[in-house]
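Engineer: Got a structure for you, questions after.
The values are calculated or read from the model by the stated rules, or taken from the named source; none is laboratory data. Everything numeric here is computed off the predicted structure, so don't read it as measured data. As a convention, Cβ positions derive from the backbone with ideal geometry for all residues, glycine included, and neighbour counts pool all protein chains shown. Side chains are part of the model used for accessible areas, which takes the heavy atoms of the whole protein and leaves out ligands, DNA and RNA. Shrake-Rupley method; radii C 1.70, N 1.55, O 1.52, S 1.80 Å.
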Amino acid sequence: MSFREKLEKRIAATGSNLCVGLDPRMDLADEAAKRFIIKVIEETASHAAAFKPNSAYYEAKGWQGMRILAQVLKEIPKDIPVIFDVKRGDIGETQGYYAKSAFDAYGVDAVTLNAYMGSDTLEPFLKYPDKGIYLLGVTSNPGAKDIELQPSGDRKVFELVADMTGVSPQVGLVLGLTNAADDVLARTPDVPLLIPGLGAQGGDLSALKGSARKAPLLVNVSRGIMYHNDPRSSFGTVAADWKLRIREAIA
């Protein structure tokens, strides 16, 4: 089963487009930190279309953090896609090892990539035809305007990246909700989208109303679930609320 098929099956089974970000702020990479992440997974799994661990939060704790990452990945139910948020972008041989790390060593279903070094940097990842790729299109940070949203002739720079999605139905785009203006959405092809920027970053779900896209999309919430500020609510309750709000926005 390809990544896209797995994702579409999961969305259909759950009625959810919620991607739960697993970005732990660990003081120590210890057993307590691992149990915390696993608790988030267990309580949100029924509401999650996918999980997305960001590698940086684990790498920052050295080998102990990466060991925790490997351990918690094994706790994610096999029918839930896992997107490894690594944003890799390098020359071919190096990319080949990044691909082996993600797909062979950690066994994830998809990765995020930075394609600004060119289409040849995608090739090592495309050798895994059952895996998914999300290219950084328009990110959720203010600096997106510095390069991604700059004009290139009568187009925007991010559209040059969007053109690369045509190499495979497994390739999609990252589209930050905080920068998802109408003209950006109009210029974005109907490919799988990974949409960060909701929750703590302040993205507005109304930007997705009426988009009528057919390709599967995921809206990521990380801090808004893992570090929600309602002591009366469980991770599962908060995830269920985000799931409903997202579905209402894209219906």
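Engineer: Could you tell me what percent of the accessible area of the chain is made up of carbon and sulfur, with a 1.4 Å probe and every protein chain present?
Structural biologist: C and S fraction of accessible area: 51 percent.
Engineer: Order the following by accessible area, largest value first: K78, K156, K100. Probe radius 1.4 Å; ligands, DNA and RNA are ignored.
Structural biologist: If we order K78, K156, K100 from most to least accessible, we get K78, K100, K156.
Engineer: Taking square-rooted eigenvalues a ≥ b ≥ c of the alpha carbon gyration tensor, is the range 121-204 rounded, prolate or oblate, where a/c under 1.5 means rounded and, failing that, a/b exceeding b/c means prolate?
Structural biologist: oblate
Engineer: Here's a follow-up. May I ask you to give the solvent-accessible area per residue for the chain, in square angstrom, as obtained with a 1.4 angstrom probe?
Structural biologist: 45 Å²
Engineer: Rolling a 1.4 angstrom probe over the protein chains, ignoring ligands and nucleic acids, what is the accessible area of M26 in square angstrom, nearest 10?
Structural biologist: The accessible area of M26 comes to roughly 20 Å².
Engineer: Another question, if that's okay. Filter the cross-link list K145/K243; K74/K214; K87/K131 down to pairs whose alpha-carbon distance in this structure exceeds 24 Å.
Structural biologist: Exceeds cut-off: K145/K243; K74/K214.
Engineer: Let me ask something additional. Can you give the charge dipole size of the range 1-113 about its Cα centre, rounded to the nearest 20 debye, using +1 on the beta carbon of Lys and Arg and -1 on the beta carbon of Asp and Glu?
Structural biologist: Computed about the Cα centre, the dipole is about 100 debye.
Engineer: Where a Cα-Cα gap under 19 Å defines reach, which aspartates and glutamates qualify for K156, not counting those fewer than 8 residues away within the same chain?
Structural biologist: D146, E148, D182, D183, D190
Engineer: Looking at the square roots a ≥ b ≥ c of the eigenvalues of the Cα gyration tensor of the chain, which shape do they give, rounded for a/c under 1.5, prolate if a/b is larger than b/c, or oblate?
Structural biologist: The shape class here is oblate.
Engineer: Calculate the dipole size of the chain relative to its Cα centre from +1 charges on Lys and Arg beta carbons and -1 charges on Asp and Glu beta carbons; express the result in debye to the nearest 20.
Structural biologist: My answer is approximately 520 debye.
Engineer: Does the range 76-180 come out rounded, prolate or oblate, given a ≥ b ≥ c as the square roots of the eigenvalues of its C-alpha gyration tensor, rounded meaning a/c under 1.5 and, failing that, prolate meaning a/b above b/c?
Structural biologist: It comes out prolate by the Cα gyration axes.
Engineer: Specify the residue with the greatest mean-square fluctuation among S234, S152, S16, computed from a Gaussian network of the chain linking alpha-carbon atoms under 10 Å apart.
Structural biologist: With Cα springs under 10 Å in the chain, the top fluctuation among S234, S152, S16 is at S152.
Engineer: Under unit Cβ charges (Lys, Arg +1; Asp, Glu -1), what dipole magnitude, rounded to 20 debye, does the range 64-131 have relative to its Cα centre?
Structural biologist: Roughly 200 debye for the range 64-131.
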